[in-house]
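*Asks:* Structure in structure tokens, see below.
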Amino acid sequence: QVQLVESGGGLVQAGGSLRLSCVASGHIFSINDMGWYRQAPGKQRELVATITRGGFTNYADSLKGRFTISRATVKNTVYLQMNSLKPEDTAAYYCNVDVGPFDYWGQGTQVTVSS
């Protein structure tokens with residue numbers, strides 16, 4: 001079993017920044033892809049960004065240039081640096097890790113951006 005603990009969410013004004021962290025623990029041999037997804041009220045969960053074990057990244061097109069994903073593989077940790085936040089970024093942000101053949105989700109951390 002793998003546990004994911006997210007942190008770093010909160011309330012921020014438009015234009016501000018937040019850094020999310022997600023630490024994986026438990027029976028982990030190796031983690032493949034790590035990523036962040038978000039879900040706003042009344043909307044489907046959507047991709048924010050993913051990063052492979054080798055450091056290759058993939059972003060939602062609308063977020064390129066404002067969000068940066070990174071990972072500390074030794075610490076089983078993935079980060080999401082979010083800059084120039086907008087009210088439409090308000091959502092619950094979920095961490096996802098691929099520990100083949102299974103993937104796991106965090107409990108979510110709320111990000112609220114006020115205008």
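The values are calculated or read from the model by the stated rules, or taken from the named source; none is laboratory data. Because the structure is predicted, anything quoted here is derived from the model rather than measured. Here the Cβ positions follow ideal geometry from the backbone for every residue, glycine too, while neighbour counts run over all protein chains shown. Note: accessible area is taken over every heavy atom of the protein model, side chains too, but ligands, DNA and RNA are not part of it. Shrake-Rupley method; radii C 1.70, N 1.55, O 1.52, S 1.80 Å.
*Asks:* Which value, in debye to the nearest 20, gives the size of the charge dipole of the chain about its Cα centre, when Lys and Arg are +1 and Asp and Glu are -1 at the Cβ?
*Replies:* 200
*Asks:* Pairs of alpha-carbon atoms within less than 8 angstrom and 6+ residues apart define the contacts here; what relative contact order does segment 65-115 have, in percent? Each step should come with its number before you reach the end.
*Replies:* Values: 66 pairs, mean separation 15.6, N = 51.
Value for segment 65-115: 31 percent.
*Asks:* At 1.4 Å probe size, with no ligands or nucleic acids counted, give the accessible surface of Arg53 in Å², nearest ten.
*Replies:* About 130 Å², rounded to the nearest 10.
*Asks:* Given a 1.4 angstrom probe, I'd like the percentage of the accessible area of the chain that is carbon and sulfur, rounded to a whole number. Walk me through the numbers on the way to the answer.
*Replies:* Details: 3110 of 6210 Å².
Ligands and nucleic acids excluded, carbon and sulfur give 50 percent.
*Asks:* Something else: Quick one: what are the phi-derived ³J(HN,Hα) couplings along segment 87-103, Karplus 6.51/-1.76/1.60 with θ = phi - 60°, whole Hz, x for glycine and proline?
*Replies:* Values per residue, Gly and Pro as x: x, 6, 7, 4, 4, 8, 9, 10, 8, 9, 10, 9, 10, x, x, 10, 10 Hz.
*Asks:* Apply the Karplus parameterisation 6.51 cos²θ - 1.76 cosθ + 1.60, with θ equal to phi minus 60°, to every residue of segment 72-85 and state each ³J(HN,Hα) to the nearest whole Hz, in sequence, with x for glycine and proline.
*Replies:* 10, 4, 4, 8, 6, 10, 10, 10, 9, 8, 10, 10, 6, 5
*Asks:* Counting only heavy atoms of the protein chains, get the accessible area per residue of the chain (1.4 Å probe) and round it to a whole Å² value.
*Replies:* Values: 6210 Å² over 115 residues.
Ligands and nucleic acids excluded, the figure is 54 Å² per residue.
*Asks:* Given 37 °C and 0.692 mPa s, how large is the Stokes-Einstein diffusion coefficient of segment 11-115 in µm²/s, with Rh as the Kirkwood radius over Cα pairs?
*Replies:* On the way: Rh = 14.0 Å.
Answer from the Stokes-Einstein relation: 235 µm²/s.
*Asks:* Another question, then. Just to verify a number: FRET efficiency for Val5 and Ser30, C-beta to C-beta distance, R0 = 22 Å, to 0.05? Could the numbers behind the result be given before it?
*Replies:* Values: r = 19 Å, r/R0 = 0.86.
So, using R0 = 22 Å, E works out to roughly 0.70.
*Asks:* Counting other C-beta atoms within 10 Å, and keeping those with at most 11, which DSSP coil chymotrypsin sites (Phe, Trp or Tyr not before Pro) do you find in segment 40-75?
*Replies:* On the way: sites: Phe56, Tyr59, Phe67; in loops: Phe56.
The qualifying sites are Phe56.
*Asks:* Now a separate question. Counting alpha carbon pairs within less than 8 Å and at least 6 residues apart, what relative contact order, in whole percent, applies to the chain? Let's see the in-between values first.
*Replies:* On the way: 284 pairs, mean separation 41.6, N = 115.
It comes to 36 percent, rounded to a whole number.
*Asks:* Related question: Ordered by packing density, taken as the mean number of other Cβ atoms within 10 Å over each peptide's residues, highest first, how do 100-113, 28-41 rank? Don't skip to the answer; put the middle values down first.
*Replies:* Numbers: 100-113: 15.4, 28-41: 16.9.
Final packing ranking: 28-41, 100-113.
*Asks:* Sticking with this structure for a sec: Using a 1.4 Å probe and ignoring any ligands, DNA or RNA, find the accessible area of Val5 and quote it in Å² to the nearest 10.
*Replies:* The value for Val5 is about 90 Å².
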